[in-house]
Amino acid sequence: MTKAKAVSLLKKISIIGIIIFFSSFLQFYWAMGHLSESMSSACLECWFLEDVFMISIISAIFLAIIFAILPSGMNRIFKIGIQFLLLISIWFFWDYSIFVERESSWSTFLFDEEIYYVLHYSALPILVLASVAIFLNQTKIIDSK
């Protein structure tokens, strides 16, 4: 890999990471923000914003690398579908984790009830912000080949 290609790849990963970080942060706060006053069962001293910030960074790094290394010759619709499914799956997992940590672990929820609750509160934020993130990711400014 030449130096120019490496710099281009790092730039692409950085831009994708920034988009995913901000969209993740907004999504987690929009979907699970009503739990911001609830105490975490995993870390009694952790604030909600700390958790959301760390989860957003982890999601951004992981997904930016995956999105950047997807083959550029891949069918565009298929590539967008893979990115969309990865993004909504990871966000749903993190929303579920936040709910379990801040609400469910302090009470007696069944697994089905947890899934329903998380779907109820996160379906709209996930769909809206995943669409925006994927759209921004697919613009010509970022998707330079």
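Listed values, structure above:
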quantity	calculated
Neighbours by Cβ (under 6 Å, 6+ apart or cross-chain): first from region 4-19, under 29 Å from V128 (Cβ atoms); second assigned to a helix (DSSP H, G or I) and open to solvent by 60 Å² or more (accessible area, probe 1.4 Å)	I19/L136
Meets criteria (closer than 22 Å to F21 by Cα and open to solvent by 50 Å² or more (accessible area, probe 1.4 Å)) for E45	no
Scope region 100-115; condition among the aromatic types (F, W, Y), free of Cβ contacts under 8 Å to residues at least 60 places away in the same chain and exposed (fewer than 14 other Cβ atoms within 10 Å of the Cβ); matching residues	F111
Out of G73, G81, sole residue that is loosely packed, with under 14 Cβ neighbours inside 10 Å, more than 12 Å from the chain's Cα centre (by Cα) and within 16 Å of F135 (Cα to Cα)	G81
Scope region 43-66; condition assigned to a helix (DSSP H, G or I) and at pLDDT below 90; matching residues	none
Enumeration of residues in region 1-42 that are open to solvent by 80 Å² or more (accessible area, probe 1.4 Å) and not in a loop (DSSP other than H, G, I, E, B)	K3, K5, V7, L10, K11, I18, F22, L26, Y29, W30, H34
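So that you can scan it fast, the table gives a plain yes or no per residue for (1) out of contact with any strand residue (DSSP E or B) (no Cβ under 8 Å at 6 or more places or on another chain); (2) of a type in the set (V, I, T); (3) surrounded by 15 or more Cβ atoms within 10 Å (Cβ to Cβ); (4) assigned to a helix (DSSP H, G or I):
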position: L85; (1), (2), (3), (4): yes, no, no, yes
position: D95; (1), (2), (3), (4): yes, no, yes, yes
position: I98; (1), (2), (3), (4): yes, yes, yes, yes
position: S122; (1), (2), (3), (4): yes, no, yes, yes
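The values are calculated or read from the model by the stated rules, or taken from the named source; none is laboratory data. Predicted model, so just to flag it, every value in this text is computed and none were measured. No Cβ is skipped: glycine too gets one built from the backbone with ideal geometry, and neighbour counts run over all protein chains shown. Protein only, heavy atoms only, side chains kept; ligands, DNA and RNA dropped before computing areas. Shrake-Rupley method; radii C 1.70, N 1.55, O 1.52, S 1.80 Å.
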